[in-house]
Amino acid sequence: MEAHQGKSRGMSRHLVWLRADLRSIDNTALSEACRDPEAEVAALWLVTPEQWRRHGKAGCQLDLELRTLRELSVTLEALNIPLLIREVPDFAAIPALLLSLCQAEGIDRVYWNKQYEWNERVRDKAAADLLRANGITVEMHADQCIIGPGEVLTGDGRFYSVYTPFKRNWLSQIYERGVRVHPAPLKRQSAWTRPDPVPTSVPGFESHVPLPELERLWPGGESAALARLEVFTDKHARRYRELRDFPALSEATSGLSPYLAIGAISSRQCWQAAANELAAYGPSADIDHWVSELGWREFYKHILVGFPRVNKHRPFRLETEQLRWNDDEEAFQRWCDGKTGFPIVDAAMRQLRATGWMHNRLRMIAAMFLTKDLFIDWRKGERFFMQHLVDGDLAANNGGWQWSASTGNDAAPYFRIFNPKLQSERFDPEGNFLRRYLPELAGLDNKRIHAPHEKQRDFLLDYPLPMVDHRAACEETVSRFKALGELP
Ligand code: FAD
């Protein structure tokens, strides 16, 4: 008699637990699970609302994940790989759920791709321990990076804390090993069960961006991610270095971060597209620069593993724990609402609210303003970003915030503080970006729009006065950092 419905003697059943890898192509765990042509394979995705609530998951990101999963479920079903959906409150409940699923369905091997965040690592260890203790084989694969954490180390075997030498080593290893993109798995002979319907939403995680707009900006699925990669490498990548800092030019950067964050596309696919472009049309400093940004993404994941304190709300530079940040809820709220009276900061925050995304230059400006002009703890901004970003990624977000706050590794020096007006004049010279998000300033000329109240306090203008004196705030910030003693 067979122990499980439909399972013949000797046949293997494999489960692929999908997390931040919502794609069929170049998914290492999925490819490995399908290596045995005889095995039956199913995929699993877990809804964990309590966990998400605790960690401030953005509704807009969840919506992109659900739309991506809907496409993926259809793709996998055509391969006879049903996608199962289960709900548990939080990570702590996952090991028991996995075990009971494996036991109920006769699954003998479970596969997943590694995640590098601390809670995820604790979760995965508990799950692997319980499954293995019950005779189920677990395979965890490195997949999120081209070269994973622990494989790019200094001469004396330590994690790098500075990007340039990391990048040199990272690139040389990539060239040495080559980059292989796995094709989608072949169709299985049969499926042992039907896929579950993918939910359209999860209560309590509504997107702050209206759904039609979110879908227009960030269509779901790996097909959308691949199409975006193709358009970017074909049409825009060769001007990346020149144009990447101008937020009004929405196609000057790839816009792939939401897809990389949820794993609708892999960094190897991005690398390969760049390499193909270089092979076909010759060298390009712009494409090299873009690849270097993929390197920053990986660098911050390595930092998370090498220096786990940054994943536990602590600064990389421990001496900066002595800083006494201002506890000013009203000022924080004005920053969140885009009502600081500094147009470039306000337009940035309103872009985040309107689209779930913010241009990289603006993330640096907005984060520096919060931490250096308002002297508000970077962790508050970090959390607000995670709650609103469609591309929220703990490693990159933490890295970006600690860079801006001068508490991180390889961070901006504390005395080099962005002047919002100068940044605005330099990177949005005609005010096109400002006008897009600040209609109340649309009538101002290209000069005045960057600091509307500077020459005359125009109380008729429906726009707030600057909430701080930038110069005085910077002096205060520098003196607080100086008081910590000499920072290396
Ligand atoms: P492109 O310029 O086309 O770059 C290609 C890819 O490289 C990006 O999609 C991204 O995956 C990666 N990348 C680019 N710049 C960086 C960087 N500085 N650090 C790490 N990876 C990078 N990025 C996120 O993906 N998620 C976040 O939560 C996040 N939070 C940030 C917070 C702050 C305060 C700062 C300063 C930066 C943050 N970044 C974050 C990095 C960066 O702003 C975004 O990755 C970038 O704007 C995404 O746009 P793009 O896809 O068009 O990038």
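Please find the FRET efficiency linking residue 471 to residue 172, where r is the Cβ-Cβ separation and R0 is fixed at 51 Å, and quote it to the nearest 0.05.
Efficiency for this residue pair is about 0.70.
Give the peptides 289-296, 178-185 in descending order of average Cβ contacts within 10 Å, highest first. Write out the running numbers ahead of the final one.
Numbers: 289-296: 19.5, 178-185: 14.0.
Highest mean packing first, the order is 289-296, 178-185.
Charges on Cβ only, +1 for Lys and Arg, -1 for Asp and Glu, centred on the Cα centroid of segment 13-144; of 25, 95, 58, which one is farthest towards the dipole's positive end?
58
How far apart, in nm, are two points set 7 Å out from the Cα along the Cα-to-Cβ line at residue 134 and at residue 318?
4.0
Pull out the extension gain between residue 446 and residue 383, defined as 0.36 nm times the separation in residues minus the alpha carbon to alpha carbon distance; nm, one decimal. Provide the component values of the computation, followed by the final result.
Details: separation 63, 0.36 × 63 = 22.68 nm, distance 3.38 nm.
Taking residue 446 through residue 383 to full extension adds about 19.3 nm, to one decimal.
Based on the Cβ-Cβ distance from residue 415 to residue 288, what FRET efficiency comes out when R0 is 41 Å, to the nearest 0.05?
Values: r = 30 Å, r/R0 = 0.74.
Calculated transfer efficiency: 0.85.
So for segment 318-483, taking the charge dipole from beta-carbon charges (+1 Lys/Arg, -1 Asp/Glu), which of 386, 479, 464 sits furthest toward the positive end?
Value: 464.
Quick one: putting +1 on the C-beta of Lys and Arg, -1 on the C-beta of Asp and Glu, what dipole do you get for segment 13-144 around its Cα centre, in Debye to the nearest 20?
On the way: 16 positive and 21 negative charges, 76 e Å.
With Lys and Arg at +1 and Asp and Glu at -1, about 360 debye.
Determine the dipole magnitude for the chain: charges of +1 sit on the beta-carbon of Lys and Arg, -1 on that of Asp and Glu, nothing else is charged, the reference point is the Cα centre, and the result goes in debye to the nearest 20.
Numbers: 63 positive and 66 negative charges, 95 e Å.
Using Cβ point charges on Lys, Arg, Asp and Glu, the chain gives about 460 debye.
Pop out the ³J(HN,Hα) list for segment 312-319 in order, Karplus 6.51 cos²θ - 1.76 cosθ + 1.60 with θ = phi - 60°, rounded to Hz; leave Gly and Pro as x.
10, 6, 10, x, 5, 8, 5, 5
Grab the other residues whose beta carbon is less than 15 angstrom from that of residue 189, score K and R as +1, D and E as -1, and report the net.
Result for the local shell: +1.
Sort 345, 310, 468 so that the residue with the fewest other Cβ atoms within 10 Å of its own Cβ comes first and the one with the most comes last. All intermediate terms of the calculation are to be shown ahead of the outcome.
Values: 345 29, 310 23, 468 17.
Ordered from fewest to most neighbouring Cβ atoms within 10 Å, 345, 310, 468 come out as 468, 310, 345.
With unit charges on the beta carbons (Lys and Arg positive, Asp and Glu negative) and the dipole taken about the Cα centre of the chain, which residue among 169, 73, 395 sits farthest to the positive side?
169
State the extension gain, in nm to one decimal, for the chain segment bounded by residue 426 and residue 309, taking 0.36 nm per residue of separation less the distance between their alpha-carbons. Spell out each step's value before the answer.
Working: separation 117, 0.36 × 117 = 42.12 nm, distance 3.60 nm.
Gain on stretching residue 426 to residue 309: 38.5 nm.
Tell me which residues come under 5 Å, amide H to amide H, from residue 43 once H is placed; ignore anything under 5 positions away on its chain.
It is 16, 83, 84, by chain and number.
Shape verdict for segment 13-144, please, from the Cα gyration tensor: rounded (a/c under 1.5), prolate (a/b greater than b/c) or oblate. Working shown, then result.
On the way: a/c = 1.59, a/b = 1.12, b/c = 1.42.
Here segment 13-144 falls in the oblate category.
Suppose R0 equals 45 Å. What FRET efficiency, 1/(1 + (r/R0)^6) with r the Cβ-Cβ distance, do residue 337 and residue 142 give to the nearest 0.05? Spell out each step's value before the answer.
Working: r = 41 Å, r/R0 = 0.91.
My answer for the efficiency is 0.65.
How big is the antiparallel share of DSSP beta bridges in the chain, given as a percent to the nearest 5? If you can, show how the numbers build up before the last one.
On the way: 1 of 20 bridges.
Once the DSSP bridges in the chain are tallied, antiparallel ones form about 5 percent.
Describe numerically, in nm with one decimal, the distance between label points set 7 Å from Cα along Cα→Cβ at residue 74 and at residue 151.
With each label placed 7 Å out from Cα toward Cβ, I get 3.4 nm.
Quick one: grab the alpha carbon gyration tensor of the chain, order the square roots of its eigenvalues as a ≥ b ≥ c, and give me rounded if a/c is under 1.5, else prolate or oblate depending on whether a/b is larger than b/c. Before the final figure, lay out the partial values.
Working: a/c = 1.82, a/b = 1.78, b/c = 1.02.
Note, shape of the chain comes out prolate.
Sequence neighbours fewer than 8 away in the same chain don't count; with that in mind, list the lysines whose C-alpha is under 20 Å from residue 312.
Of all the lysines, those that pass the test against residue 312 - Cα under 20 Å, at least 8 places apart if same chain - are 57, 114, 125, 301, 380.
How long is the gain from residue 329 to residue 38 if the chain were fully straight, where each residue apart is worth 0.36 nm and the alpha carbon distance is subtracted?
Working: separation 291, 0.36 × 291 = 104.76 nm, distance 5.96 nm.
Roughly 98.8 nm would be gained on extension.
Distance between Cα centroids, segment 276-353 to segment 171-196: provide it in whole Å.
31
Given the peptides 81-90, 439-448, 255-264, arrange them by the average over their residues of other C-beta atoms within 10 Å, most packed first. Before the final figure, lay out the partial values.
Details: 81-90: 17.9, 439-448: 13.8, 255-264: 24.1.
The packing order, highest mean first, is 255-264, 81-90, 439-448.
May I ask what percent, to the nearest 5, of DSSP beta bridges between residues of segment 1-160 are antiparallel?
Details: 1 of 20 bridges.
Approximately 5 percent, going by the DSSP bridge assignments.
Can you work out the Karplus-derived ³J(HN,Hα) for every residue in segment 328-337? Use 6.51 cos²θ - 1.76 cosθ + 1.60 with θ = phi - 60°, whole Hz, and x for glycine or proline.
10, 5, 5, 5, 4, 5, 5, 5, 4, 7
Any aspartates and glutamates with Cα under 18 Å of the residue 167 Cα? List them, leaving off those in the same chain fewer than 8 positions away.
List returned: 151, 156, 176, 286, 288, 293, 298, 410.
Hey, what do the phi angles of segment 102-119 turn into as Karplus ³J(HN,Hα) couplings, whole Hz, using 6.51/-1.76/1.60 and θ = phi - 60°, x for Gly and Pro?
Karplus values, whole Hz, x for Gly and Pro: 4, 5, 5, 9, x, 7, 10, 9, 10, 10, 8, 8, 5, 10, 10, 6, 4, 4.
No lab work stands behind these numbers, since they all come straight from the coordinates. If you're wondering where the values come from, they're calculated on a predicted model, not measured in any experiment. As a convention, Cβ positions derive from the backbone with ideal geometry for all residues, glycine included, and neighbour counts pool all protein chains shown.
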